[in-house]
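A.B. asks: I am attaching a structure below and will ask some questions about it afterwards.
The values are calculated or read from the model by the stated rules, or taken from the named source; none is laboratory data. All values reported here derive from a predicted model rather than from experimental measurement. All Cβ positions, glycine included, derive from the backbone under ideal geometry; neighbour counts span all protein chains shown. These accessible areas exclude ligands, DNA and RNA; they are computed on the full protein's heavy atoms, side chains included. Shrake-Rupley method; radii C 1.70, N 1.55, O 1.52, S 1.80 Å.
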Amino acid sequence: MASIKPAGEFNTAYEQDMRFLRNPRMIILAIIAIAVTYYLPNLSPGYLGPTLNLLAYTIIALQGLNILTGLCGQISLGQAAFMLVGAYASALLMIHINWPIWLTIPAAGLVAGGVGLIFGLPSLRVKGFYLTMATLAAQFIIPWLTRNIAPEYLGGTSGSIEVPVPVIFGVALNDPVKFFYLSFTVLIITTILTNNVTRTKLGRAFVSIRDNDLAAELLGVNLFSYKLRAFFIAAALAGVAGALKAHYQRGVGTEFGYGLGESIILLGMLVIGGLGTRLGPFFGAVTLILLEDVAIEMGARLAEIFPDQSAQLLTSFRPIFFGAVLILFLIFEPRGLAHRWNLIKAAWRLRPFAR
Amino acid sequence: MTTIEKRATSDYRPKMRPSQIALYGFGILILVLLGWRIYNVVSVEQYPIQFWAIQSINGLVLGSVYALIALGYTLVYGILFMINFAHGEVVMLGGFAGYFALQLCIRWGWVAADAPFFQSWLAVLFPIAVGMIASLLVAMALERIAYRPLRGAQRLIPLISAIGASFFLQYSALLIFGVTPHNYQKPAVLTGAVSLGDSGVFISKTGLFIILASIVLMLILYILVQKTKIGRAMRAVAEDQEMASLMGVDVNRIIVFTFVIGGLLAGAGGVMLGYQNTVMRFNTGFIPGLKAFTAAVLGGIGNVPGAMIGAIILGELEALGPSLLGLPNEYKDVIAFSVLIFVLIFRPTGILGERLSRERA
C-alpha cells in the first residue's frame, strides 16, 4: 500500500482527482504488476494458465455486467447468452471469412451489443424485476435459437462447433500460457474503457438513473437512450468475453457453459465483489473462482470418502457452495468486498491517528 | 385552448412518441404475422375438433398446476414486492416429500390396483398433505434465513439472495436424491380416463383430479384472503405495511403466514406435477416455477385472480400454441417465454394488473 496518500494530504486540482495513477510510484507499481501478471502463467502452466485465462474473460464479462447492473441499476440475467452471441460471431467470422483475431473480437462485441439492444428494448416500459425476467427470456431464447437455426453454421441440435486457434503476429496461441497474452491485453483495454465510463457524462447519467430515474429524467437524461446504451455496453463486453472464451476453449456451443447458471454466477460474482465499483469485478471473480476451486477439491475429497455418491458430489458441490456463499455474503457483507477494501484502505491511511 | 389548458383537463392524453408508435407498429405486425401463420396451418392441417378439445383440456390441467404455483409468487410479491425466485425449488421439494409419502403408501398396499376405494383415495391425499407440510417448512426456513435479514435492503438484493437459495436447494436435492428420476406410481383411482359422452373426447382421471383439487384449493385461498381476519390483515399489509403495523397488525407474522400459504399451495402443486408427469427430478421445479412466474406476470403480479387467469391462459397457449403454429411440441417453452417478453413490452401490468405505480415497479 505504498501508493496510498498519507493522512492530511488532499488533491487540490480536478485533474488530480480524476487520475487513476495518482503518483509516479503508482505508475511504476502498475507497470510492475502488469509485467508480473503477464509472466504469471509460466510459473505453473498446469493450474495458473487455465485459471488466469478463465479469470480474464470472466472479469471482462463482469465489467460489462457491472456497467449495466452496478452503475445503471438494471439487473440482467442474460450476460452468458450475450457471451454466446459474441463467441459464435467471432468463431464464424474467423472460420468463414478468415478474419484475424484482432478484428473478430471487436466485431463479436458489436454483434453481441446489437443483440443486447434488442433485449434492452423492454427497458422502455418496464424496470426492476420485470426487466430481469425479460433478460432471463434472452437467456432461454438465444441458446435455443443457436440450436435450432442454421445448423450448418451453428452446429445444430448437438449445439457446438469447433473454433480455430487464433494466430497473432504469426504466433499460434495454442496453449493457455500463450493465450493469456491475448486475454490479458484485452482485459487491460476493457479495464481502461470501463473505468473511463464511470467518470464521464455517460457514467454519471447511468448512476443518476440507478439512484432515481424520475430525477434523472427531469435533469434531462433520456432514460430510454441511456438504458439502451448500458445494455449495449454490457452485451458488447460480454461478446468480447465470449469471443475470448470460444477461442480459448476452441469450441463454442450451448454445451460449453453459456447457460442460465453461468449468468447467475456472474451476477453473484458481481454482488460478492461489490456492485458499481471499479474493483468489484476483480474481487468477485478472483474470490469466487478460487472458492470454487476449493469447493471442487473438497467435493473430490468427499467423493473419495463416499465412493457410492461420488458422481453426485462432484456435480453438485460447486453450486451448493456457490448458493451458500452468495447468501452469506448478502447477509454479512452486502456491499461487497470492494467496500471492505475501501474500509481497510481508509484505516491504513489514518494509521497513526486512528485505529 | 392553449396546450397548457388542454393538459389541465382531465381527459388529456399525451401524444404518442415516435418510439412508442414504432413499438406498437412492430407489435401489430407480429400479431398479423402470427394470425396469418395460424390461418395457414389450421386450414392446411384440418385437425378434427376432438384434437383441439383434448389439447385444451391438457392446457387446463397444466394451467391449474401453474396457477397453484403462481399464487405463491403473486402473494409474496403483493406483500414484500420481491420475487421469490426459489419458489420453484419449494415446489420440487414438496414433490419429493410427496414421493416418499407415496412410497410409504405403496408399502402399506394402498396404491395397488385392488386396494379398497377409501384407501386408494388416502394414497392420493396423504402424499399431497405430506408434500404441503414439507413445502411449508421449506418456505418458512427460506423466509427466515435468506429473506428476513435482507428486508429493508435495496430491491435487487433479496432477488439475488433468492437466486442463491434456489441454487442451494436445487443442488442439495441433487446431492441427496441423486440424478436418476424418481418415478411416481399413480394410485388406482387416478389411472385411466373418463370419456365425455360418445364425442371421442376424454380426460385422464389424473387431469380431472388436478383440475378439481386446484379449484378447491383456490376457493379455500379466496375465502381465506377475503373473509377471514388474517386475510384482512394480509390485504392491509399489502396495501401499506407501515400503516398496517400502526393499526396493530403484526407485520412479521403476516409475512411468515404469506410464505406459509405460498408453501402449502406449492407443495400441492409439486405433488400434482409428480402425478401428472410421473417423474420427479432435482430440477423438476425450476422450469414450472419460471412458467408460473410468467403466468403471474401475465395476469398482473400481486393480483390473486390475475395469477389464476394468467396461469390458465399460459397453460392453454402451451398446449395449443405448437399445433396452432405448426411447430414441434418442444417449442412450447419458447412460446411461453416469448409471451412473457411481449407482455412485458406491451402491457407490463398484465391482464388484470392495477396501474403500476412507480413504487411497485
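A.B. asks: Which condition number does A:Ser123 fail, the rest of (1) within 11 Å of chain B (Cβ to nearest Cβ); (2) open to solvent by 50 Å² or more (accessible area, probe 1.4 Å) being met?
C.D. replies: (2)
A.B. asks: While we're on this one: Pick out the one residue from B:Ile230, B:Ile157, B:Ile163 that is out of contact with any Asp or Glu (no Cβ under 7 Å at 6 or more places or on another chain) and more than 10 Å from chain A (Cβ to nearest Cβ). Steps first, answer last, please.
C.D. replies: Numbers: B:Ile157 fails: more than 10 Å from chain A (Cβ to nearest Cβ); B:Ile163 fails: more than 10 Å from chain A (Cβ to nearest Cβ).
Result: B:Ile230 is the single residue among B:Ile230, B:Ile157, B:Ile163 that is out of contact with any Asp or Glu (no Cβ under 7 Å at 6 or more places or on another chain) and more than 10 Å from chain A (Cβ to nearest Cβ).
A.B. asks: Here's a follow-up. Among the numbered criteria (1) farther than 23 Å from A:Gly276 by Cα; (2) without any contact (Cβ under 8 Å) to a residue 60 or more places away in the chain; (3) of a type in the set (A, V, I, L, M, F, W, C), which single criterion is violated by A:Val126?
C.D. replies: Result: A:Val126 passes all but (1).
A.B. asks: Take segment A:100-117 and flag every residue that is within 24 Å of B:Phe85 (Cβ to Cβ) and either surrounded by fewer than 24 Cβ atoms within 10 Å (Cβ to Cβ) or of a type in the set (Phe, Trp, Tyr) (or both). I'd like the intermediate steps shown before the answer.
C.D. replies: Here is the first cut: in segment A:100-117, the residues within 24 Å of B:Phe85 (Cβ to Cβ) are A:116.
Passing the criteria: none in range.
A.B. asks: Sort out which residues of segment B:115-145 are more than 19 Å from B:Ile210 (Cα to Cα) and modelled with pLDDT of 85 or more, and write them in order of number.
C.D. replies: Residues satisfying the conditions are B:Ala134, B:Leu136, B:Leu137, B:Val138, B:Ala139, B:Met140, B:Ala141, B:Leu142, B:Glu143, B:Arg144, B:Ile145.
A.B. asks: Cβ-Cβ below 7 Å, separation at least six or inter-chain, first residue in segment A:194-214 and within 14 Å of chain B (Cβ to nearest Cβ), second in a helix (DSSP H, G or I) and of a type in the set (Phe, Trp, Tyr): which pairs?
C.D. replies: Every condition considered, the pairs that remain are A:Ile209/A:Tyr226.
A.B. asks: Within segment B:328-349, does at least one residue satisfy the condition of being surrounded by fewer than 17 Cβ atoms within 10 Å (Cβ to Cβ) and away from chain A (no Cβ under 14 Å)?
C.D. replies: So far as segment B:328-349 goes, no, none of its residues is surrounded by fewer than 17 Cβ atoms within 10 Å (Cβ to Cβ) and away from chain A (no Cβ under 14 Å).
A.B. asks: Pick out the one residue from A:Gly276, A:Gly284 that is in a helix (DSSP H, G or I), among the small types (Gly, Ala, Ser) and either under 13 Å from the mean Cα position of the chain (by Cα) or within 12 Å of another protein chain (Cβ to nearest Cβ) (or both). I'd like the intermediate steps shown before the answer.
C.D. replies: Values: A:Gly276 fails: in a helix (DSSP H, G or I).
Exactly one of A:Gly276, A:Gly284 is in a helix (DSSP H, G or I), among the small types (Gly, Ala, Ser) and either under 13 Å from the mean Cα position of the chain (by Cα) or within 12 Å of another protein chain (Cβ to nearest Cβ) (or both), namely A:Gly284.
A.B. asks: Follow-up question, since we're still on this one. How about segment B:210-251: which of its residues are surrounded by 14 or more Cβ atoms within 10 Å (Cβ to Cβ) and among the polar types (S, T, N, Q)?
C.D. replies: Those that are surrounded by 14 or more Cβ atoms within 10 Å (Cβ to Cβ) and among the polar types (S, T, N, Q): B:Ser214, B:Gln241, B:Ser245.
A.B. asks: Hey, another quick one. Taking the condition surrounded by fewer than 22 Cβ atoms within 10 Å (Cβ to Cβ), within 14 Å of chain B (Cβ to nearest Cβ) and out of contact with any helix residue (DSSP H, G or I) (no Cβ under 8 Å at 6 or more places or on another chain), does A:Ile97 pass? Break it down into steps so the answer makes sense when it comes.
C.D. replies: Working: surrounded by fewer than 22 Cβ atoms within 10 Å (Cβ to Cβ): yes; within 14 Å of chain B (Cβ to nearest Cβ): no; out of contact with any helix residue (DSSP H, G or I) (no Cβ under 8 Å at 6 or more places or on another chain): yes.
Spelling it out, it is not the case that A:Ile97 is surrounded by fewer than 22 Cβ atoms within 10 Å (Cβ to Cβ), within 14 Å of chain B (Cβ to nearest Cβ) and out of contact with any helix residue (DSSP H, G or I) (no Cβ under 8 Å at 6 or more places or on another chain).
A.B. asks: If we keep just the residues of segment B:166-188 that are open to solvent by 20 Å² or more (accessible area, probe 1.4 Å) and among the small types (Gly, Ala, Ser), which is nearest to the other protein chains (Cβ to nearest Cβ)?
C.D. replies: Per the stated criteria, the residue is B:Ser172.
A.B. asks: Among the residues of segment A:138-148, are any farther than 23 Å from A:Ile233 by Cα, away from chain B (no Cβ under 14 Å), open to solvent by 10 Å² or more (accessible area, probe 1.4 Å) and out of contact with any helix residue (DSSP H, G or I) (no Cβ under 6 Å at 6 or more places or on another chain)?
C.D. replies: We begin by selecting, within segment A:138-148, every residue farther than 23 Å from A:Ile233 by Cα; these are A:144, A:147-148.
Checking the rest, the ones that are also away from chain B (no Cβ under 14 Å) come to none.
For segment A:138-148, residues farther than 23 Å from A:Ile233 by Cα, away from chain B (no Cβ under 14 Å), open to solvent by 10 Å² or more (accessible area, probe 1.4 Å) and out of contact with any helix residue (DSSP H, G or I) (no Cβ under 6 Å at 6 or more places or on another chain): absent.
A.B. asks: Could you list, in sequence order, the residues of segment A:235-260 that are assigned to a helix (DSSP H, G or I) and open to solvent by 30 Å² or more (accessible area, probe 1.4 Å)?
C.D. replies: Residues of segment A:235-260 assigned to a helix (DSSP H, G or I): A:235-249, A:254-256, A:260.
Once the filter is applied, which keeps residues that are assigned to a helix (DSSP H, G or I) and open to solvent by 30 Å² or more (accessible area, probe 1.4 Å), segment A:235-260 yields A:Tyr248, A:Gln249, A:Thr254, A:Glu255, A:Phe256.
A.B. asks: May I pose another question? Inside segment B:215-334, counting only helices (runs of 4 or more DSSP H) that do not spill past its ends, which hold 2 or more residues that are within 19 Å of B:Val138 (Cβ to Cβ)? Quick ask: steps written out before the conclusion?
C.D. replies: Working: elements: B:229-239, B:241-246, B:251-277, B:286-299, B:304-325.
Hits in segment B:215-334: B:251-277, B:286-299.
A.B. asks: Considering A:Met269, A:Met298, which residue is within 19 Å of the chain's Cα centre (by Cα), within 14 Å of chain B (Cβ to nearest Cβ) and part of a helix (DSSP H, G or I)?
C.D. replies: Exactly one residue qualifies, and that residue is A:Met269.
A.B. asks: Taking the condition of being aliphatic (A, V, I, L, M), without any contact (Cβ under 8 Å) to a residue 40 or more places away in the chain and surrounded by 14 or more Cβ atoms within 10 Å (Cβ to Cβ), how many residues in segment A:284-295 meet it?
C.D. replies: The initial filter retains those residues of segment A:284-295 that are aliphatic (A, V, I, L, M), namely A:285-286, A:288-291, A:294-295.
Now narrow it down to the ones that are without any contact (Cβ under 8 Å) to a residue 40 or more places away in the chain: A:288, A:290-291, A:294-295.
Subset that is surrounded by 14 or more Cβ atoms within 10 Å (Cβ to Cβ): A:288, A:291, A:295.
Looking only at that region, the number is 3.
A.B. asks: Something else: What is the one condition in (1) under 23 Å from B:Val304 (Cβ atoms); (2) crowded, with 22+ Cβ neighbours inside 10 Å; (3) not aromatic (Phe, Trp, Tyr) that B:Leu93 does not satisfy?
C.D. replies: (1)
A.B. asks: Now a separate question. Regarding segment B:79-90, can at least one residue be identified that is crowded, with 22+ Cβ neighbours inside 10 Å, more than 14 Å from chain A (Cβ to nearest Cβ) and under 15 Å from B:Leu142 (Cα atoms)?
C.D. replies: So far as segment B:79-90 goes, yes, one or more of its residues are crowded, with 22+ Cβ neighbours inside 10 Å, more than 14 Å from chain A (Cβ to nearest Cβ) and under 15 Å from B:Leu142 (Cα atoms).
A.B. asks: To continue, here is another question. Filter segment A:159-173 down to the residues that are touching a strand residue (DSSP E or B) at 6+ places or on another chain (Cβ under 8 Å) and not aliphatic (A, V, I, L, M) and list them by number.
C.D. replies: Of all residues in segment A:159-173, those touching a strand residue (DSSP E or B) at 6+ places or on another chain (Cβ under 8 Å) come to A:159-163, A:165-166, A:173.
Those that are touching a strand residue (DSSP E or B) at 6+ places or on another chain (Cβ under 8 Å) and not aliphatic (A, V, I, L, M): A:Gly159, A:Ser160, A:Glu162, A:Pro166.
A.B. asks: Only residues that are open to solvent by less than 30 Å² (accessible area, probe 1.4 Å) and within 22 Å of the chain's Cα centre (by Cα): list them for segment B:101-137, please. Break it down into steps so the answer makes sense when it comes.
C.D. replies: So the first thing to find is which residues in segment B:101-137 are open to solvent by less than 30 Å² (accessible area, probe 1.4 Å), and the list is B:101-102, B:105, B:111, B:115, B:120, B:123-124, B:127-128, B:131, B:134-135.
Once the filter is applied, which keeps residues that are open to solvent by less than 30 Å² (accessible area, probe 1.4 Å) and within 22 Å of the chain's Cα centre (by Cα), segment B:101-137 yields B:Val124, B:Pro127, B:Ile128, B:Gly131, B:Ala134, B:Ser135.
A.B. asks: Mind telling me which of the residues B:Leu217, B:Leu273 ends up being touching a Pro at 6+ places or on another chain (Cβ under 8 Å) and at pLDDT below 90?
C.D. replies: On the way: B:Leu217 fails: touching a Pro at 6+ places or on another chain (Cβ under 8 Å).
Of the residues listed, the single one that is touching a Pro at 6+ places or on another chain (Cβ under 8 Å) and at pLDDT below 90 is B:Leu273.
A.B. asks: What number of residues within segment B:153-165 satisfy the criterion of being open to solvent by 20 Å² or more (accessible area, probe 1.4 Å) and in contact (Cβ under 8 Å) with a residue 60 or more places away in the chain?
C.D. replies: Going through segment B:153-165 one residue at a time, the tally reaches 1.
A.B. asks: Let me ask something additional. What's the number of the only condition in (1) under 25 Å from A:Gly242 (Cα atoms); (2) more than 10 Å from chain B (Cβ to nearest Cβ); (3) surrounded by fewer than 21 Cβ atoms within 10 Å (Cβ to Cβ) that A:Thr315 fails to meet?
C.D. replies: With respect to (1) under 25 Å from A:Gly242 (Cα atoms); (2) more than 10 Å from chain B (Cβ to nearest Cβ); (3) surrounded by fewer than 21 Cβ atoms within 10 Å (Cβ to Cβ), A:Thr315 is out only on (2).
A.B. asks: Just give me the residues in segment B:329-341 being of a type outside the set (Lys, Arg) and within 18 Å of A:Ile142 (Cα to Cα), in sequence order. Let's see the steps before the verdict.
C.D. replies: Keep residues of segment B:329-341 that are of a type outside the set (Lys, Arg), which gives B:329-331, B:333-341.
Those that are of a type outside the set (Lys, Arg) and within 18 Å of A:Ile142 (Cα to Cα): B:Glu330, B:Tyr331, B:Asp333, B:Val334, B:Ile335, B:Ala336, B:Phe337, B:Ser338, B:Val339, B:Leu340, B:Ile341.
A.B. asks: Further question: For segment A:143-186, give me each residue that is closer than 22 Å to A:Leu55 by Cβ, in contact (Cβ under 8 Å) with a residue 24 or more places away in the chain and hydroxyl-bearing (Ser, Thr, Tyr).
C.D. replies: Once the filter is applied, which keeps residues that are closer than 22 Å to A:Leu55 by Cβ, in contact (Cβ under 8 Å) with a residue 24 or more places away in the chain and hydroxyl-bearing (Ser, Thr, Tyr), segment A:143-186 yields A:Tyr181, A:Ser183.
A.B. asks: Of all residues in segment B:138-152, count the ones that are crowded, with 21+ Cβ neighbours inside 10 Å and either within 12 Å of another protein chain (Cβ to nearest Cβ) or without any contact (Cβ under 8 Å) to a residue 24 or more places away in the chain (or both).
C.D. replies: So in segment B:138-152, the residues crowded, with 21+ Cβ neighbours inside 10 Å come out as B:138-139, B:142-143, B:146-147.
From what is left, the residues that are either within 12 Å of another protein chain (Cβ to nearest Cβ) or without any contact (Cβ under 8 Å) to a residue 24 or more places away in the chain (or both) are B:142, B:146-147.
Number of matching residues: 3.
A.B. asks: Next question. Being of a type in the set (Val, Ile, Thr) and over 29 Å from A:Gly239 (Cα atoms) is the filter here; which residues of segment A:11-69 pass it? Let's see the steps before the verdict.
C.D. replies: Of segment A:11-69, the ones of a type in the set (Val, Ile, Thr) are A:12, A:27-28, A:31-32, A:34, A:36-37, A:51, A:58-60, A:67, A:69.
Within segment A:11-69, A:Thr12, A:Ile27, A:Ile28, A:Ile32 qualify.
A.B. asks: Still on this model: Report whether or not B:Gly200 is at pLDDT 75 or above and more than 17 Å from B:Asn277 (Cβ to Cβ). Spell out how you get there, then give the answer.
C.D. replies: Numbers: at pLDDT 75 or above: no; more than 17 Å from B:Asn277 (Cβ to Cβ): yes.
For B:Gly200, the condition - at pLDDT 75 or above and more than 17 Å from B:Asn277 (Cβ to Cβ) - is not met.
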